[in-house]
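To start, the structure itself, in structure tokens.
The values are calculated or read from the model by the stated rules, or taken from the named source; none is laboratory data. This structure is a prediction, so every number in the text was calculated from the model and none was measured. When we count neighbours, we look across all protein chains shown, and the Cβ atoms used for this are built from the backbone with ideal geometry, even at glycine. To get the accessible areas, we keep the full protein, side chains included, count just its heavy atoms, and leave off ligands, DNA and RNA. Shrake-Rupley method; radii C 1.70, N 1.55, O 1.52, S 1.80 Å.
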Amino acid sequence: MKYIAVVTSGGDAPGMNAAVRSVVRTGIDLGFKMFGVKRGFAGLLQNEGVELGIRDVSGVLQSGGTFLGTARCEEYKKLIAQKKCLTNLQNRGVEGLIVIGGDGSQKGAYALHKLGLPVVGVASTVDNDLYGSDISIGADTALNTIIESIDKIKTTALSHQRAFLVEVMGRKYGYLAMIAGIAGGAEIVITPEFEMEPEKIAAELKKAYKKGKKYALVIVTDGAKNNAQKITTYFKEHSQEIDYELRVTVLGHVQRGGSPSVFDRLLATRLGGAAVKALDEGTSGKLIGWIEGKVALTSLKEVAQKRKVLDLNTWELAKVLAR
Ligand code: F6P
């Protein structure tokens, strides 16, 4: 193998650039020519990309987002589009691909592996919901951003003795909400795994005030059935009966931005380098993730089929601490 490509795909995550840098420099060190696909699978379909040399990845280590660009590409889910991507790579002489991204992207990586292209994935998503990695690139930075925001919100919550609801990312996996709940000191954490009806939330918050709390904090995952919008509607409709104020902050895409933390830079550097080495050793169809403090390889088939389960011990701890 002489020529390998790297693509960043799906939602961007802080640390993706550090991973590309590591892939490119490790690849060149091992004697590969490197190609960077632009705009994720959408760009691969349109045959967009650039040759990447050592200096093309200078100055990107500390920057958030992905300088290669990314996209969500519905069309790529079709076999005909996947075959077109394979042809585009083969016509350039590319013999291996590294896919940096979350679960949708790794399903896409698995599709190309099944078509016969040597493919290795790198775990990267702020949601940290990817099977095959205890922690994915971007999740730590997102958590730091969330905690910084919560700390600020708490000062105004205390001043006004208000309850605050903060919606965080995560889709169907409550990791960000759970960890932010513990590290940020929330009274209630609502996730797709642990839903709570709005009337119960209202009652629990009332209890918190009765217990002598000066303010209260609720954290909810964007993918929960009772998300910020649903809870806000309930509180508006029942404002006559509720004798405290609830303010709502949806953190949104600010969580995906910013400079990657030290942890994410290191993780991205380790996983990126390991991905190139795996391809070089003839590995294909694997996700490069981080399990129990080490680089770990998991089959992309498993990654595509299995769901990560939220740690229940952490959940129990969160409840004990919110007294
Ligand atoms: O998967 C990453 C993520 O940031 C989710 O947490 C969030 O629900 C979603 O992407 C937002 O997607 P988009 O950037 O396409 O609006």
**OP:** Go through the range 99-124 and count every residue that is within 19 Å of Arg21 (Cβ to Cβ) and either open to solvent by 10 Å² or more (accessible area, probe 1.4 Å) or away from the ligand (no atom under 13 Å from the Cβ) (or both).
**Re:** 5
Original post:
Are any of the residues in the range 82-97 under 27 Å from Gly258 (Cβ atoms) and open to solvent by less than 10 Å² (accessible area, probe 1.4 Å)?
Top reply: no
Original post:
Can you name the residue in the range 11-21 that is open to solvent by 10 Å² or more (accessible area, probe 1.4 Å) and touching a Lys or Arg at 6+ places or on another chain (Cβ under 8 Å) and, of all such residues, is nearest to the ligand (Cβ to nearest atom)?
Top reply: Gly11
Original post:
Which of (1) among the charged types (D, E, K, R); (2) surrounded by 14 or more Cβ atoms within 10 Å (Cβ to Cβ); (3) more than 21 Å from Asp134 (Cβ to Cβ); (4) within 16 Å of the ligand (Cβ to nearest atom) is the odd one out, the single condition Glu197 does not satisfy?
Top reply: (4)
Original post:
Which residue pairs have Cβ atoms closer than 6 Å, lie 6 or more positions apart in sequence or on different chains, and pair a first residue in the range 248-265 that is more than 13 Å from Thr66 (Cβ to Cβ) with a second residue that is open to solvent by 60 Å² or more (accessible area, probe 1.4 Å)?
Top reply: Ser259/Gln62; Ser261/Asn144
Original post:
Just to be sure, is Leu143 open to solvent by less than 10 Å² (accessible area, probe 1.4 Å) and closer than 29 Å to Gly289 by Cα?
Top reply: no
**OP:** Select from the range 152-188 the residues that are within 16 Å of the ligand (Cβ to nearest atom) and in a strand (DSSP E or B) and write down the one among them that is nearest to Asn227 (Cα to Cα).
**Re:** Glu167
Original post:
What number of residues in the range 239-257 are more than 11 Å from the ligand (Cβ to nearest atom), open to solvent by less than 70 Å² (accessible area, probe 1.4 Å) and within 16 Å of Ala228 (Cβ to Cβ)?
Top reply: 3
**OP:** Answer yes or no: is there a residue in the range 298-308 that is open to solvent by 30 Å² or more (accessible area, probe 1.4 Å), hydrophobic (A, V, I, L, M, F, W, C) and in contact (Cβ under 8 Å) with a residue 40 or more places away in the chain.
**Re:** no
